[in-house]
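Enquirer: Next up is a structure, given as structure tokens.
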Amino acid sequence: MHVTSTPDRRHSATFDEQQPWAAAWLEHRLDDLERQHGAPLPDRALVRHRAVQSLNTRKALRVESPGLGAAYAALSEHRHPLTGRVEILLDHLTATDGEPLEALLASGSAAEPSVLEAAEVVNVVTPASAPLQHEVLARAGFQQVLATLRRRTDEVPEPADRSHGDAALSVGPALAQEHDFVYQCLGRALLAGLDGRPSAVDLAAWARSRYQLDDTSATVPLVGRVDGKPVCHGLGLRRSDRYGGRDVLYIVDVFVLPEHRSRGHSHRMSQGLLAEARHQGFHVAESDLVLSPDAGPLRLRLAAAGWREDRIRWQRVHGDVEEPR
């Protein structure tokens with residue numbers, strides 16, 4: 001078995017799709033996506049083009065083992081936008097067998113100290129693929145930290161189900177004078193997501209620069225009000241569907257003020273976003289779920305509500321990760 005990688009020239013065209021190993025990688029990757037999609041990709045050529053564009057900006061790692069198969073991953077280095085710490089991302093990860101995948105995970109950034117490393121794995125539900133990758137990642141020290149969920153919007157009742165929650169809650173588009181409330185909620189949600197790690201930026205200001213609430217072609221901001229006062233919000237963001245040319249609505253956040261929780265408001269906001277997504281022509285909604293140790297019951301409830309875990313983000317830490325000074 002041998003491990004090879006392209007020259008470490010970040011942001012340069014180091015991936016050559018004409019090479020046999022690169023062509024094999026692309027086909028394995030597209031087959032993984034197609035199996036997870038559960039149907040032929042609506043536009044396989046478009047998905048392939050996007051993959052090539054992404055791979056052209058990354059360092060390519062590959063392991064080839066005669067008789068045992070191969071494993072491939074694209075490696076890139078980033079700084080977390082909120083904490084500033086270095087992260088090494090392994091994406092476009094695919095493998096035909098566990099042994100080459102284990103060798104790949106032991107190469108590259110594994111030799112570098114003090115880095116956070118993340119790998120995103122398509123949650124293929126065939127016995128020969130996902131469980132094998134999950135076992136190898138776990139043995140290599142990775143832990144599941146995030147699940148990206150998908151569900152169809154045409155399964156949402158119309159009008160949105162109002163059988164749950166406080167009848168006094170009214171849900172509608174965020175008004176211009178409520179934008180500050182939304183940004184404050186986003187800042188609080190981002191702070192909670194850092195799980196005690198210090199932020200290197202003003203979180204509400206970062207959210208304001210990241211999400212343009214007055215651009216209704218890109219965002220879907222909803223606010224829930226009691227007696228005319230905002231008490232919760234939900235924010236959706238338009239983004240490209242990884243499986244084809246149509247857009248999906250990515251649910252960025254659903255946040256309820258602490259004093260108004262346990263009244264079903266988050267359910268109402270989620271239903272409102274899904275109904276709005278369908279009204280605006282989004283065929284699929286996506287969202288992320290942090291996989292904390294106690295997330296099991298919530299994962300079951302979301303599955304019962306029609307959400308499917310599409311892909312899993314895994315993470316491992318080498319050495320003592322230092323926060324930026």
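Enquirer: Just a yes or no: is a residue in the range 27-36 at positive phi and without any contact (Cβ under 8 Å) to a residue 60 or more places away in the chain?
Expert: no
Enquirer: Which condition number in (1) in contact (Cβ under 8 Å) with a residue 40 or more places away in the chain; (2) crowded, with 16+ Cβ neighbours inside 10 Å; (3) over 20 Å from the mean Cα position of the chain (by Cα) is the one that LEU235 fails?
Expert: (3)
Enquirer: Within the range 268-291, identify whether any single residue is of a type outside the set (Lys, Arg) and more than 20 Å from ARG151 (Cβ to Cβ), and answer yes or no.
Expert: no
Enquirer: Could you list, in sequence order, the residues of the range 264-278 that are part of a helix (DSSP H, G or I) and not hydrophobic (A, V, I, L, M, F, W, C)?
Expert: HIS265, SER266, HIS267, ARG268, SER270, GLN271, GLY272, GLU276, ARG278 - these are the residues of the range 264-278 that are part of a helix (DSSP H, G or I) and not hydrophobic (A, V, I, L, M, F, W, C).
Enquirer: Let me ask you something else. Please find, within the range 51-74, the residue that is surrounded by the most Cβ atoms within 10 Å (Cβ to Cβ) out of those that are touching a residue at least 60 places away in the same chain (Cβ under 8 Å) and either aliphatic (A, V, I, L, M) or in the same structural domain as TYR243 (by TED's automatic domain parsing) (or both).
Expert: Result: VAL63.
Enquirer: For the range 35-53, what are the residues that are modelled with pLDDT of 90 or more, over 18 Å from the mean Cα position of the chain (by Cα) and in a helix (DSSP H, G or I)?
Expert: Of everything in the range 35-53, those that are modelled with pLDDT of 90 or more, over 18 Å from the mean Cα position of the chain (by Cα) and in a helix (DSSP H, G or I) turn out to be ARG44, ALA45, LEU46, ARG48, HIS49, VAL52, GLN53.
Enquirer: Also: What strands (runs of 3 or more DSSP E) lie completely within the range 79-168 and have 1 or more residues being in contact with an Asp or Glu (Cβ under 6 Å, 6 or more places away or on another chain) and modelled with pLDDT of 80 or more?
Expert: 86-95, 143-152
Enquirer: Let me ask another. Are there any pairs, at least 6 apart or on different chains, whose C-beta atoms fall under 6 Å, with the first in the range 274-295 and in the same structural domain as ALA189 (by TED's automatic domain parsing) and the second among the aliphatic types (A, V, I, L, M) and assigned to a loop (DSSP other than H, G, I, E, B), and if so, which?
Expert: LEU274/VAL156; ALA275/VAL156; ALA275/ALA160; ARG278/VAL156
Enquirer: Output the residues belonging to the range 11-50 that are loosely packed, with under 14 Cβ neighbours inside 10 Å and among the hydroxyl-bearing types (Ser, Thr, Tyr).
Expert: SER12
Enquirer: Give the residue, chosen from ARG311, ARG299, that is assigned to a strand (DSSP E or B), among the basic types (Lys, Arg) and not assigned by TED's automatic domain parsing to the domain that holds VAL201.
Expert: Result of the check over ARG311, ARG299: ARG311.
The values are calculated or read from the model by the stated rules, or taken from the named source; none is laboratory data. Just so it is clear, the model here is predicted, and its values are computed rather than measured. Ideal geometry is used to build each Cβ from the backbone, glycine not excepted, and the neighbour counts take in all protein chains shown.
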